[in-house]
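Take a look at the structure below.
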Amino acid sequence: MRLLALLLTAITFTALITVVNAFNAVGLSDNGTAELWNGTIVAYSYHVNAVMGYLTLYNSSFASLGFAPGNVASVQLNLVVTNGIQYFWIQNIAHFEKFNKTYYIVWFWDDLWNITSVGAYLNVKLINGSRSFLSYQSYAAYYRYVAPPIMLVKVPFTVSCMVTVNLTHGYINVNYWYRLNSTRFDTGWVKYDDVLIKVNSTMAYIIIGGFNPGNLSNDVEWVVGGYTAAAQLYVNEWNATLMLMYRYSNEWFTVVGGQSRSFDTGESVNPIAGISERYVNGVVNQEAGRVNSTYLWLINASVGLRHGKLIIRVTPSEARWIAVIKDRVILLNSSETVVNIRNWAGGKYKLTLTLYAGNVSVYKYTYVFNIRSVGLWFWLITLALALVIIIIIYRGILKYSARALGHYV
């Protein structure tokens, strides 16, 4: 939950909430900053219309301590939606609770908060979604809808949450999606809430980078924390992988920044009995351990030339890396890309690699190389050698034929 609302509605717990908020949820986030290979921090801001996170859980043992009862872990997709004037904090949250050694209970809910100003309440008359408010109610701290199915699933299982945003009839339209799958179970993508924010708008988008009038970070985060109401998760065992992506031009890309911490949510993971993370082979690996709130990767690119091939390596992989060379544009969709240049004409070439966040350039790397041209004399000599070989072979055939004919006669 948003810490600000808790301070407004539960002031008697101020001291405890302040302590809890000193910690963070753990996962993957992008707040519009990234660290380069040389330690430089770069800032950027971009807009998208869809974000998605997935987490595969293999094993866990945990306790959630907080105001709300329930030994439940949450994994939250949190983001900021705006029309350029009003700002709303969006949460799409998966919850799971251990049922026995191998099975978990899983359910989903969504939240929507008004962050157009600090401490703003939500005018429920302007919200049209699956939840119904009381007829006399005009304002609320936030909107929440709990998806009806509570599902039982066996480990390993994957929970995925997605939020899409568009403009519908001149209003902001926020769609909440989930997917739950395991070895023999798959819900497919389910749109469980369709919320229309009835404020006149000419645009609607997810903004990543900078801050909003509600004094929150415009970040997108896919993070693990306690159950709800600023609960903290204490972890004994944990083994999971996760990833966070955004959609641009109908393709999905890994976020650029890649920090292991949350910025806006009040739920957290204990920093000692917590979750440690590493970025390996294009995914974030999670295991029980001390929390390491840091950038999970350093943005980097390298190019090697070997045996007539360009070897291009980039970090992070699956991000929106674009290579331009010889009037050719290549979308690099893996950590390593090989380009065969053996048949290219001789000359000087420049390869430019650019990492984009949406349509915003974040990092650029240039590699210049030469291909030695094959001169006219080389081809003449090669042709002459070929002719000599043909003549030798031809003379040998004639000589052998003459001997064979003489022997027959």
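Select the strands (runs of 3 or more DSSP E) contained entirely in segment 40-144, then report the ones holding at least 2 residues which are closer than 29 Å to W252 by Cβ and among the acidic types (D, E).
103-114
Inspect all residues belonging to segment 248-262 and state whether any of them is over 13 Å from the mean Cα position of the chain (by Cα) and among the hydrophobic types (A, V, I, L, M, F, W, C). No, the conditions are met nowhere in segment 248-262.
Each residue in segment 256-308 was checked for being more than 30 Å from F369 (Cα to Cα), assigned to a loop (DSSP other than H, G, I, E, B) and either out of contact with any strand residue (DSSP E or B) (no Cβ under 9 Å at 6 or more places or on another chain) or free of Cβ contacts under 8 Å to residues at least 40 places away in the same chain (or both), and 6 of them qualify.
Listed here are the residues, each with its yes/no results for (1) farther than 22 Å from N236 by Cα; (2) at pLDDT below 95.
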site: S268; (1), (2): no, no
site: V280; (1), (2): yes, no
site: T294; (1), (2): no, no
site: R306; (1), (2): yes, yes
site: E336; (1), (2): yes, no
site: G347; (1), (2): yes, yes
site: L351; (1), (2): yes, no
site: Y363; (1), (2): yes, no
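Residues checked against (1) out of contact with any Pro (no Cβ under 7 Å at 6 or more places or on another chain); (2) surrounded by fewer than 21 Cβ atoms within 10 Å (Cβ to Cβ); (3) aliphatic (A, V, I, L, M); (4) closer than 25 Å to T202 by Cβ:
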| residue | (1), (2), (3), (4) |
| --- | --- |
| L112 | yes, no, yes, yes |
| N123 | yes, yes, no, yes |
| R131 | yes, yes, no, no |
| R144 | yes, yes, no, no |
| P149 | yes, yes, no, no |
| N166 | yes, yes, no, yes |
| H169 | yes, yes, no, yes |
| I172 | yes, no, yes, yes |
| F185 | yes, yes, no, no |
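The residues in segment 150-196 that are over 20 Å from K125 (Cα atoms) and either not in a strand (DSSP E or B) or not assigned by TED's automatic domain parsing to the domain that holds M245 (or both) can be counted, and the count is 8.
The values are calculated or read from the model by the stated rules, or taken from the named source; none is laboratory data. Owing to the predicted nature of the structure, the values given are computational and were not obtained by experimental measurement. Glycine also receives a Cβ, built like all others from the backbone with ideal geometry; neighbour counts cover every protein chain displayed.
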